[in-house]
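For reference, the structure is listed below as structure tokens.
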Amino acid sequence: MGIGVGIILLSICLIGVLFIYLSPEFGRRANATQKKAYALLPNYKDGKFVNREKIEMEMSFRSFSKMFREMLSPDPNVNPKSNIDVIELSSDILLAKADSISEVIWLGHSSFLIKLEGKTILLDPVFSEKTGPHSFFGRKKYNKQMPIDLIDIPHIDAVFISHDHYDHLDYFSIVNLKDKTDRFFVPLGVGNHLRSWDVEENKITEFNWWEEASYKGIEFAFTPSRHMSGRGFADQSTTLWGSWVLKGNATSIYFSGDGGYGEHFKEIGEKYGPFDIGLMECGQYNKLWADVHMMPEESVQAGLDVKAEKIIPIHWGSFRLANHAWTEPVERFSAKAKELKVDILTPRIGESIALSGKVQTTTKQWWKELAAK
């Protein structure tokens, strides 16, 4: 019997290893030549990328026990009680090329469709129904449909990726976008994932922190965040993570990606601010990982630090990745913004926020109606 149990356990381990190494969703790791080049960088040590500020995550038995208990008994409102309806988008909006058009459209969580002075851009596009390495894993989105289907997207000028976690870098989305996207701008190491998914080499450009470039009249920079990366068990922090600065002739956008609060926000604000709009992470937090995911109150302060004139809370409203109530991030964010007299925008998924001229202010608290059902 002992031999039989051992064979079963060995088989399970073998299947798990084969799944990780053979499933395309996990992407590809850096080769020896790339690792040698990374080793010369100040933010790469002992085979991993590192944060500028130290992060502390409690990894004790006590912390894991607490996390497990929270998972078994989360906030009773951790998920909405009904589907989140979205505003549907027409492909016509993507065909408009007028240089005067600048708008941001929230696609849920941290995904955005942006028209920046006529150019069509996607930030961290995640169109999959679930977030995870396979459709068997992960939690479903709160919204049964996206504002627009991938098949209806005619053309994308550029895709920007903040890091390679599954809720930001989605295999299904990249595979279906690669032939209709002109360029992919990604952190160091993330290009390997795209190459393994047959994205053409000449479409991929990788960036370290503070590196700048321009494309089709858009100036942009890859800036730091305080986070981590990884798609498997043994590749933690082997690719870089960060945030993006996007600037047109008359419009500027800051996209925070994921990360804890830190000194980098003020540095970014001093170097590249002010911004017309700041897309600031504010959800899926826990005190156990506060150094790598901001609390909502910190998100508002970070928006002030980068000198964003208006702020949109992101990283909420689509997936349950923590155990707080699904509306708690935006409620806490809104309360802090009111206290600090900060202008915020709280669009519905699929709602367009015009950046041309004076930025409109969305005041409708749409989530309250859904939470009351």
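Where in region 305-323 is the amide nitrogen less than 19 Å from a point lying 7 Å along the Cα-to-Cβ axis of Glu267? The answer is 305-308, whose backbone nitrogens lie closer than 19 Å to the label point.
Applying 1/(1 + (r/R0)^6) with R0 = 22 Å to the Cβ-Cβ distance of Ala234 and Glu56 gives a FRET efficiency near 0.50.
Cβ-Cβ distance of Trp197 and Glu339, R₀ of 51 Å, FRET efficiency by 1/(1 + (r/R0)^6): the value works out to about 0.70.
For a straight C-alpha distance cut-off of 27 angstrom, the lysines reachable from Lys45 (same-chain residues fewer than eight places away being disregarded) are Lys35, Lys36, Lys54, Lys266, Lys271, Lys287. Per-atom-type breakdown for region 198-264 gives carbon and sulfur 48% of the accessible area (1.4 Å probe, protein chains only). The list (1) 19.4, 56; (2) 20.8, 65; (3) 20.4, 74 gives values of Rg and Dmax of the Cα atoms in Å, and only one came from this structure; which label was calculated from it? Looking at Rg and Dmax of the Cα atoms in Å for this model, the match is (3).
Here is what passes the span test in the chain: the DSSP H helices with alpha carbon length of 15 Å or more along the helix axis and a Kyte-Doolittle mean of -1.0 or above are 2-22, 61-72, 328-340. Each residue was assigned an accessible area with a 1.4 Å probe, and for Lys247 the value is about 50 Å².
Computed about the Cα centre, the dipole magnitude for the chain is approximately 700 debye when only Lys and Arg (+1) and Asp and Glu (-1) carry charge, each at its Cβ. Put simply, when 347-355, 118-126, 258-266 are sorted by average Cβ atoms within 10 angstrom per residue, most first, you get 118-126, 258-266, 347-355.
Quick check: from the Cα gyration tensor, does region 211-316 come out rounded (a/c under 1.5), prolate or oblate? Oblate, since a/c reaches 1.5 and b/c is not below a/b. Within the same chain, aspartates and glutamates fewer than 8 places from Lys203 are excluded, and of the rest, those with a Cα less than 19 Å from its Cα are Asp124, Asp157, Asp164, Asp170, Asp179, Asp182, Glu211, Glu212, Glu219.
First check a/c for region 99-250, with a ≥ b ≥ c the square roots of the eigenvalues of its C-alpha gyration tensor; if it is under 1.5, answer rounded, and if not, answer prolate when a/b is larger than b/c or oblate otherwise. Note, shape of region 99-250 comes out oblate.
Accessible area per residue, 1.4 Å probe, Å², for the chain: what's the number? Spell out each step's value before the answer.
Values: 17040 Å² over 373 residues.
With all protein chains present, the chain gives 46 Å² per residue.
The values are calculated or read from the model by the stated rules, or taken from the named source; none is laboratory data. Quick caveat, the model's predicted, so the values are computed rather than measured. Neighbour counts run over all protein chains shown; Cβ positions are idealised from the backbone, glycine included. These area figures cover heavy atoms from the full protein model, side chains too; ligands, DNA and RNA do not enter into them. Shrake-Rupley method; radii C 1.70, N 1.55, O 1.52, S 1.80 Å.
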